[in-house]
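Inspection log for the structure reproduced underneath, given as structure tokens.
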Amino acid sequence: MQGFANFMWLLSMALILFSGFALIDAATRREDAYRAADKQSKPFWLIILAIAFVVNLIFNILSFLPIIGLIATIVYMVDVRPALRGLPGGGRSHRGSSSDGPYGPWNGGR
């Protein structure tokens, strides 16, 4: 019985890490990337993934709520994330240098 409890604890930790990774990944993507990829908005995914993360922290893995959170996390990882990564820049926030103009970096006429 101890082996089953250890397996369930490891599975629970894996779900927490998986949903935490998806939440951090969604938070680092640009807002306009979600619209460009024709997906739900960034706040929508942040709320869904945050709820999934909290549910995985609070509830036992044998409950149905972590399974619903797992489904939402899987949908983000296999549908939304690849669409965002397919955009130029990968949908990530880009902090350009101070010499960047509206059409790209300014190189002094070289």
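The values are calculated or read from the model by the stated rules, or taken from the named source; none is laboratory data. On a predicted model such as this, the values are computed, not experimentally measured, just so you know. Note that each Cβ is placed from the backbone with ideal geometry, even for glycine, and that neighbours are counted across all protein chains shown. The accessibility values were calculated without ligands, DNA or RNA, using every heavy atom of the protein model including side chains. Shrake-Rupley method; radii C 1.70, N 1.55, O 1.52, S 1.80 Å.
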Looking at (1) within 11 Å of the chain's Cα centre (by Cα); (2) polar (S, T, N, Q); (3) modelled with pLDDT under 90, can you tell me which one THR73 breaks?
(3)
Sort out which residues of segment 1-53 are open to solvent by less than 80 Å² (accessible area, probe 1.4 Å), in a helix (DSSP H, G or I) and under 18 Å from GLY86 (Cβ atoms), and write them in order of number.
ALA22, ASP25, ALA26, THR28, GLU31, ASP32, ALA33, TYR34, ALA36, LYS42, TRP45
